[in-house]
Amino acid sequence: MIVASDPRELPAAERAVAIGTFDGVHRGHRAVIRAAADTGLRAAVVTFHPHPREVLGYDVHLLTTFERRLELIGESGPDDVLVVEFTPELSRLAPEEFVRTVLEPLGTRIVLAGANFRFGRGRAGDTALLAAMGFDVRSVPLVPDVSSSRIREALHQGDVSTAAAMLGRPHELEGLVVAGDQRGGTLGFPTANLAVPAPLLVPAHGIYAGAAREQGGAGEWRRAAVSIGVNPHYGGQERRIEAFLLDFEGDLYARHVRVELWERLREERAFQDEAALVAQIALDVEATRAAARPG
């Protein structure tokens, strides 16, 4: 797969193009991308970075980092990905001008899009306009009850199982391991304290079963009990994301780690004493051993 920021960086070809932000690259997104790959033409994805809502000043909680989005798009089989820089100027382009600037230089012959696809200034462009401009437009049916907004709603409620069903895989968090309070080691459960990039959506506070591994290395996935919250037992105020990797010995400090969230085990809470806290953590670890990966 070739990733480019300008159509001229890609080999000349007639293309079937899937267009969208594709945040999360959920089951519906993958259906659109696969449809482009199934046309017989060279398949391309046109996506945007940064996220349009972020540029336009709206609050946004991303389901994936940009780098992870490209990885997931690649798994759906396109030949090319054109990353269009989203700017205020781009948002003001008339739909016809967007076509002349992006789609025509790409050699677009077929456009694949969901039924609710809109583009251009004021979201005035749609599949009917593309067809009127001479493209072979093929609408891809929406996957029932699957959308990025529904996934975000589920995650804000801590419902990682429902989110995974829509994504087709577990929701992920990733970031550098930074110094924490270092209480886990004294309790017998040392944790990796993850600094997650601000735009990435962090689910509701609670204790989760999942898995973690170091990125960019040969490390294997290991089951992990993950705490998201302020650690109320110790009167914490700042949100922390702490992962205890089962059966792991090593130092992950300053390493980039990715965490999958499989199941929400319970809410976070304060305990009567430290012994009760340790006993509950032990139960959480056993529940993590028994958890099944969704998706």
Practice task
Look at residue 157 and say whether it is modelled with pLDDT under 95, surrounded by fewer than 19 Cβ atoms within 10 Å (Cβ to Cβ) and closer than 28 Å to residue 240 by Cα.
Solution key: no
Practice task
Report, by residue number, each residue of the stretch 122-147 that is modelled with pLDDT under 90 and of a type outside the set (Ser, Thr, Tyr).
Solution key: 122, 123, 140, 141, 142
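Looking only at the stretch 269-289, count how many residues are among the charged types (D, E, K, R), crowded, with 16+ Cβ neighbours inside 10 Å and at pLDDT below 95. Walk me through how you get there before you give the answer.
We begin by selecting, within the stretch 269-289, every residue among the charged types (D, E, K, R); these are 269, 273-274, 284, 286, 289.
Among the residues that remain, those that are also crowded, with 16+ Cβ neighbours inside 10 Å are: 284.
This time we only want the ones that are at pLDDT below 95, so: none.
Qualifying residue count for the region: 0.
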Handout entry: Residues located in the stretch 28-56, provided they are among the charged types (D, E, K, R), surrounded by fewer than 17 Cβ atoms within 10 Å (Cβ to Cβ) and over 19 Å from residue 109 (Cα atoms)
Key = 53, 54
Problem - Restricting the stretch 136-154 to residues that are under 19 Å from the mean Cα position of the chain (by Cα) and basic (Lys, Arg), the residue that is surrounded by the fewest Cβ atoms within 10 Å (Cβ to Cβ) - result: 150
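Tell me the residue from 194, 261 that is touching a Gly at 6+ places or on another chain (Cβ under 6 Å), in a strand (DSSP E or B) and within 19 Å of residue 162 (Cβ to Cβ), please.
261 is the lone residue from the list that is touching a Gly at 6+ places or on another chain (Cβ under 6 Å), in a strand (DSSP E or B) and within 19 Å of residue 162 (Cβ to Cβ).
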Exercise for the section: For the stretch 8-32, enumerate the residues that are modelled with pLDDT under 95 and more than 29 Å from residue 164 (Cβ to Cβ). Expected result: 8
Practice task
Check whether at least one residue in the stretch 209-230 is among the β-branched types (Val, Ile, Thr), modelled with pLDDT under 95 and not in a strand (DSSP E or B), and report yes or no.
Solution key: yes
Completion exercise
residue 168 meets each of (1) under 18 Å from the mean Cα position of the chain (by Cα); (2) at pLDDT 95 or above; (3) farther than 30 Å from residue 16 by Cβ with one exception, condition (3)
Practice task
Evaluate the following for residue 176: is it under 25 Å from residue 26 (Cβ atoms), in contact (Cβ under 8 Å) with a residue 12 or more places away in the chain and in the same structural domain as residue 265 (by TED's automatic domain parsing)?
Solution key: no
Handout entry: Residue list for the stretch 243-295, filter: of a type in the set (Asp, Glu) and free of Cβ contacts under 8 Å to residues at least 60 places away in the same chain
Key = 247, 249, 251, 273, 286
Handout entry: Residue count for the stretch 244-268, restricted to those that are surrounded by 17 or more Cβ atoms within 10 Å (Cβ to Cβ), aromatic (Phe, Trp, Tyr) and over 24 Å from residue 154 (Cβ atoms)
Key = 2
Exercise for the section: Would you check if residue 13 is outside any helix (DSSP H, G or I), surrounded by fewer than 23 Cβ atoms within 10 Å (Cβ to Cβ) and either among the hydrophobic types (A, V, I, L, M, F, W, C) or not assigned by TED's automatic domain parsing to the domain that holds residue 106 (or both)? Expected result: yes
Exercise for the section: Identify, from the list 216, 250, 206, the residue that is at positive phi and within 19 Å of the chain's Cα centre (by Cα). Expected result: 216
Practice task
Taking residue 143 as the residue in question, decide whether it is part of a loop (DSSP other than H, G, I, E, B) and on the phi < 0 side of the Ramachandran plot.
Solution key: yes
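The values are calculated or read from the model by the stated rules, or taken from the named source; none is laboratory data. Computed from a predicted model, the values in this text were never measured in an experiment. Cβ coordinates were reconstructed from backbone atoms using ideal geometry, including for glycine residues, and neighbour counts include every protein chain displayed.
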